[in-house]
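So the structure is just underneath, and the comments pick up after that.
No value in this document is a laboratory result; all are computed from the given coordinates. Just so we're clear, the structure is a prediction, and the values are computed from it rather than from any experiment. Heads up, the Cβs are rebuilt from the backbone with ideal geometry, glycines too, and the neighbour counts pull from every protein chain shown.
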């Protein structure tokens, strides 16, 4: 049987720990390992099949990761590819599928085909358990932490216990090295620090775009592309999904309360529709975006991103980064209205490009 794991449940931190351990294990076995990441709501079955079954020019072994599997419809064509892989006995690829739901939500055919040890469920801590964990951690380090600071940490890192542990460890190290006499940590002590501890992806890029901060968006883009050269394949679909959610949220606000608008916001994707804006951090991101983009500008950005998806995918290797940089400029500065390419090239060559800064 092929090597496949479904990482399920709401505890994202432990899932990330498991994923990183698997990457490390596979790199030890296959030093030229190629890692290919898909998002389930925008995955073409043909592309997934090619990644799993076709020989790579760059590596003899591939790790294929499917994220946000909960947003794939049960009749999605990618499930046929997954079933084919389960029974293939492949020795040239591993597949890891990540979902925030449990095995009860899997298509029955896949659930029956998997062995018990191929489905791992990671359960989230209760909120009071997380608060007690953080308070206890700092107490052992000789610090007290205010309730507001604890809530701020939890708002920033969601339900991710690995981020919680990493963040608290780094904070404790930082404050221990500072040799402060006051052994008390409040919200002001951590607000700037936390912003530098997150992994960057298409969703964190949208959070920066929501603030309309071009240089930070460019920096975020380069971190993403440095960690995964193929990340550009999923950037535009995720940004398009988020702007469609933003458009829905802003439209609903005209007739509903903010809570209802967050709950009922939706966005069409190539897979199952995205529904709801739930986390504290995501809600703040969409509030911020609303203050920087008008409804007409959001509509313009959506139309622009619809066109950019094909452009980015078809861009040559040497042009991908410039294409993405110009895309960010058009979204953040021009709010979806394209400038002449010559003008944008001049702007980036003279002022904005980060290509030669890293």
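If I build a Gaussian network model for the chain, linking alpha-carbon pairs within less than 10 angstrom, which residue out of 219, 266, 108 has the largest mean-square fluctuation?
Of 219, 266, 108, the most mobile in the Gaussian network model is 108.
Pull out the extension gain between residue 266 and residue 291, defined as 0.36 nm times the separation in residues minus the alpha carbon to alpha carbon distance; nm, one decimal.
In short, 7.0 nm is gained.
Compute the distance from the alpha-carbon center of segment 57-94 to that of segment 223-274, in whole Å.
Each part reduced to its Cα centre gives a spacing of 24 Å.
Efficiency by 1/(1 + (r/R0)^6): what FRET value for residue 133 and residue 255, r their Cβ-Cβ distance, R0 = 35 Å, to the nearest 0.05?
After rounding, the FRET efficiency stands at 0.30.
Just to be sure I follow: if Rg is taken over the C-alpha atoms of segment 202-352 and Rh is the Kirkwood radius over the same atoms, what is Rg/Rh?
In segment 202-352, Rg relative to Rh is 0.97.
Using square roots of five times the C-alpha gyration tensor eigenvalues, list the equivalent-ellipsoid semi-axes of the chain in whole Å, biggest first.
Equivalent ellipsoid semi-axes, largest first: 31, 29, 22 Å.
Tell me, what is the percent relative contact order of the chain, built from C-alpha pairs under 8 Å that lie six or more residues apart?
The normalised contact order for the chain reaches 17 percent.
For segment 3-121, taking Cα atoms only, what is the radius of gyration to one decimal and the Dmax to the nearest whole Å?
13.4, 38
Pick from 242, 131, 254 the residue whose mean-square fluctuation is largest in a GNM of the chain, springs joining Cα atoms under 10 Å.
Among 242, 131, 254, the largest GNM mean-square fluctuation belongs to 254.
Take every DSSP beta bridge whose two residues both sit in the chain, then give the antiparallel share in percent to the nearest 5.
Of the beta bridges lying entirely in the chain, close to 10 percent run antiparallel.
May I ask you to order 112-124, 79-91 by the average number of other C-beta atoms within 10 Å around their residues, highest value first?
Order by mean packing, descending: 79-91, 112-124.
Tell me the relative contact order for segment 3-121 as a rounded percent, counting alpha carbon contacts under 8 Å between residues six or more apart.
Once divided by the residue count of segment 3-121, the mean separation gives 40 percent.
Would you mind calculating the gained length between residue 173 and residue 30 on full extension (0.36 nm times residue separation, minus the Cα-Cα distance), in nm to one decimal?
48.0 nm is the gain from fully extending residue 173 to residue 30.
Rule-of-thumb check for segment 75-157: C-alpha Rg over 2.2 N^0.38 Å?
1.70
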